[in-house]
Structure formats: C-alpha cells, structure tokens
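Read the structure below first, then the notes.
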C-alpha cells in the first residue's frame, strides 16, 4: 500500500486545479480536523475492490460542495440544486478514487460513486488529507473495510 | 465537426463539451453506454454521425469499454474516433481500451491543453486552433 496523506493531498490538488478552481490552490493542513458548517457536510464516496477493500471519501462542508458544483457546472451559486451537488461531489470522488486505485499494488476495480449529506462512518482510515480551499476545509480519506486487506 | 460526450457525470460532460466547443466541435451528450448508442442511432438517422466520441469508463448500465466494443462492431460507425476520458490510468486498462478499439486515452484530471493536444495528434483539430 503506497498511498499516504501526502499522495491524497497531491491528487486532490491536481483534480481541484483542473476542474474546480485554478486560481485558489488547496493548502495542505496536515491532518487538521474537518470544520463542519451549520449546513452539515457532504461526502462523496467511491468503493475500491481488490487486494485493498475500502473506499475513498471526499468530505466537504455543504457550502463548499455547492460552490464546487457551481464552478464545475459553470452556473451561478444561487442556481445550484441538490442534484448538482451530488453530481459534482460524486465526480470528484470518482476522479480522486480512480487515481488512488492506480497507486495501490495489485489489480483493483472501482465502484460507482455515491453521495451522502451526513458524515460517512469511516471504516478504518489508512490515509487522510485535510485541505483548505479559501475558507473551507476538505477531508479526503482512504479507508479499509472491516476485515479488508491493505 | 461533431462530437459525442459520454459520461455519467453532468459536470464532466459540461467540462469536456466546453473544451470541445473552443475547438469548434458541436457536442451531443449521453450519460452511459446504452444512451450513447441510442444517441448514435439518432445522429446516424439525421446524417450527423460524429467524428469524435469522448467516453468515460466507469458508468452505470453500460460502461465505456462495452460501448467502445459496441461501436467498433457496427460498420456504420467505423470512422468515429474514440477517445477514452477516464480515471482508469493503469497500463493494463489502457491496453484493454486500445485493444477494444479506442484510438486515444486521456486520464482525468486533464487540462484543456492536454485534450487539444490529443485531438491535434489525431488530426481532428488544425494546428492553429486552440494553440
């Protein structure tokens, strides 16, 4: 297993710069906790199956998720609806998860992304990165399913 | 030039179609392989077979690899250039896609310049466009 917090941070920064915000870079907060706003947190999750059974989770405050969706869909923030947030957050999880999968040893396959509007219980985080985007924090984790190998 | 953008994410379809617009493509969209085949039938009936299809790999209903195989199995669509646009970046996956009939492979995340370079290499974009 060759994925650590630094790798998660770098992958997320690359995805963010390409598709969300090329002007404000994500800053690595090196393990700081996720700051959850009053509207809760949105979590995009994608499963990884193979020698490493687990998930990649992209958690961000609801306000940040809406802002990211507006940028990815090129629409006004006021026009963002729940389906937009789910689409954009799921695609972020898909892109980060796909690149994480490529870094794992052995053959793996991805599931399809899912999005929840409350924190997903972490299985057993084996790597995490906390990143600052403007005034928002994001938490990216790679976890391992109960009984899963690493 | 016409393109078909196939991705289950609406955000990603907008991003890819937006880049293609700057390269003078008109894009149709589909959210999985099955709807892409239906859209290709519609475009074929309208005599607007696209020159390019940008295809995600991981999609519900019918994935991108199955779609590439289906397009390659139909002689009406043999002139469509197929470019996988996906997070599946392992060498083995790239080989599988190319063996199934994809012409090019673009790994997410990518830049607009990277996509333009691929299309220029494929001869679908003149050297002076988007440079």
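When the strands (runs of 3 or more DSSP E) confined to the range A:86-146 are screened for residues that are surrounded by 19 or more Cβ atoms within 10 Å (Cβ to Cβ), touching a strand residue (DSSP E or B) at 6+ places or on another chain (Cβ under 9 Å) and within 14 Å of chain B (Cβ to nearest Cβ), none reaches at least 3 such residues.
Note on the range A:89-121: residues that are closer than 16 Å to residue A:4 by Cα and out of contact with any helix residue (DSSP H, G or I) (no Cβ under 8 Å at 6 or more places or on another chain) total 6. Annotation: of all residues in the range B:69-98 being assigned to a strand (DSSP E or B) and away from chain A (no Cβ under 14 Å), the one that is farthest from residue A:95 (Cα to Cα) is B:81. Which one of these is within 14 Å of another protein chain (Cβ to nearest Cβ), modelled with pLDDT of 95 or more and surrounded by fewer than 18 Cβ atoms within 10 Å (Cβ to Cβ): B:101, B:18, B:64? Answer to the check: B:18.
Among the residues here, residue B:7 does not qualify as under 13 Å from the mean Cα position of the chain (by Cα), within 20 Å of residue A:91 (Cβ to Cβ) and surrounded by fewer than 24 Cβ atoms within 10 Å (Cβ to Cβ). Residues in the range B:34-57 that are more than 11 Å from the chain's Cα centre (by Cα) and either within 14 Å of chain A (Cβ to nearest Cβ) or part of a loop (DSSP other than H, G, I, E, B) (or both): B:46, B:47, B:48, B:49. Of all residue pairs spaced 6 or more apart or on separate chains, those with beta-carbon atoms under 8 Å, a first member in the range A:22-37 that is within 20 Å of residue A:71 (Cβ to Cβ) and a second member that is surrounded by fewer than 13 Cβ atoms within 10 Å (Cβ to Cβ) are A:24/A:134.
When the range B:21-35 is filtered for residues that are touching a residue at least 60 places away in the same chain (Cβ under 8 Å) and surrounded by fewer than 16 Cβ atoms within 10 Å (Cβ to Cβ), the ones remaining, listed by number, are B:22, B:24.
The values are calculated or read from the model by the stated rules, or taken from the named source; none is laboratory data. Everything quoted here is computed from the prediction, not taken from an experiment. Neighbour counts run over all protein chains shown; Cβ positions are idealised from the backbone, glycine included.
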